[in-house]
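To keep things clear, I will list the structure first and then write my remarks on it.
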Amino acid sequence: MSGHSKWANIKHKKGKADAQKGKMFTKLGRELVVASRACGGDVNDFRLKIAIENAKAENVPNENIQRAILKGSGGAEGAVYEELRYEGYGPGGVAVMIDILTDNRNRTAGEVRHIFSKNGGNMGETGCVSWMFQEKGQLRILREGLRLSEDDLMMMTLEAGAEDFEVDEEGFVVYTAPEALEGVRQALADQKISVVESVVSPIPQNTIEITDADQARKIVHLMDILEEHDDSQGVYSNFELADALASEDF
């Protein structure tokens, strides 16, 4: 996984702002509803279990979590959401994908297409860039309060079935095959190691290095706008900022 896109790390930092909490609660709530609908509200289902843990990690109140699960399993009325993935290209030809949960696909498609065209990109056909990505499980662990050394943590996760291990400013990201995510997460839980984020999402198999600050700013702006869309559940790209841009505030 060496050299994968740093967008996940950039948006992770951006997502910590309190102003984003309301939207984060909404996105997590929608994922709970859809995951619950898919499994009939079975809390032992892998996807629903992950959705619950991610909601708890963001301090979503338990009553909100239970209400979303009930709504998804048919115990309460609510909007019916459809899962979609739109693909396209950003400034500089970088690949961009956005996961959507919407109750009106025509409205959302028009809005996403407009965002692409207004911000130096264009929305493409299904499959135009998805072939460049591979679904991977990702577990984020904060450095603060961790009792294990970096080497011991890496060895423990690899022995539990992880495929790769990355160090960043805030801590560590563990990568797994999708089917191995739950086993690695459980191994960490057994060692009382807190996982602040657990997801299965697309990782680019190769990346495009961006060396121009202006182009980087345009790409990150497009990603920001897509991320902020009310129906967005996740945005992914294959760009990587050059080391010289690491200190830039995007």
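The values are calculated or read from the model by the stated rules, or taken from the named source; none is laboratory data. In this text the structure is predicted, and so the values were computed from the model without any measurement. No Cβ is skipped: glycine too gets one built from the backbone with ideal geometry, and neighbour counts run over all protein chains shown. Surface accessibility is based on the protein's heavy atoms, side chains included, excluding ligands, DNA and RNA. Shrake-Rupley method; radii C 1.70, N 1.55, O 1.52, S 1.80 Å.
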- [ ] Would you kindly derive the ³J(HN,Hα) couplings of segment 185-197 from the backbone phi angles with the Karplus curve 6.51 cos²θ - 1.76 cosθ + 1.60 (θ = phi - 60°), listing them in order in whole Hz, with x for Gly and Pro?
- [x] 4, 5, 4, 5, 4, 4, 8, 6, 9, 6, 9, 8, 8
Open item on the list: Give me the percent relative contact order of the chain, please, defined on Cα pairs under 8 angstrom at least 6 residues apart.
Closed with: 24
TODO: Compare the peptides 83-94, 36-47, 216-227 by average per-residue count of other Cβ atoms within 10 angstrom and give them in order, highest first.
DONE: 216-227, 83-94, 36-47
Task: About the Cα centre, charge dipole magnitude for the chain (Lys/Arg +1, Asp/Glu -1 at Cβ), debye - done: 820
TODO: Amide H neighbours of Asp164 under 5 Å, at least 5 residues apart or on other chains, H built in the peptide plane: list them.
DONE: Tyr175
Task: Filter on Lys23/Lys71; Lys56/Lys218; Lys49/Lys218; Lys23/Lys136; Lys56/Lys136 - keep pairs with C-alpha separation over 30 Å - done: Lys56/Lys218; Lys49/Lys218
Open item on the list: Taking the Cα centroid of segment 217-241 and of segment 125-151, what is the distance between the two, rounded to the nearest whole Å?
Closed with: 17
Open item on the list: Just the number please: accessible area per residue for the chain, 1.4 Å probe, all protein chains included, in Å².
Closed with: 51
Task: Karplus (6.51, -1.76, 1.60) ³J(HN,Hα), θ = phi - 60°, over segment 163-178, in Hz, Gly and Pro reported as x - done: 9, 7, 8, 10, 9, 9, 4, 8, x, 9, 10, 9, 10, 9, 5, x
Open item on the list: Output wanted: per-residue J couplings in Hz (rounded whole) for segment 210-227, from phi through Karplus 6.51 cos²θ - 1.76 cosθ + 1.60, θ = phi - 60°, x for Gly and Pro.
Closed with: 9, 10, 8, 5, 5, 5, 4, 4, 5, 5, 5, 5, 4, 4, 4, 5, 5, 4
Task: Charge dipole magnitude, Cβ of K and R +1, D and E -1 - segment 207-250, Cα centre, debye nearest 20 - done: 120
TODO: First compute the accessible area of the chain with a 1.4 Å probe, then give the percent of it belonging to carbon and sulfur atoms.
DONE: 47
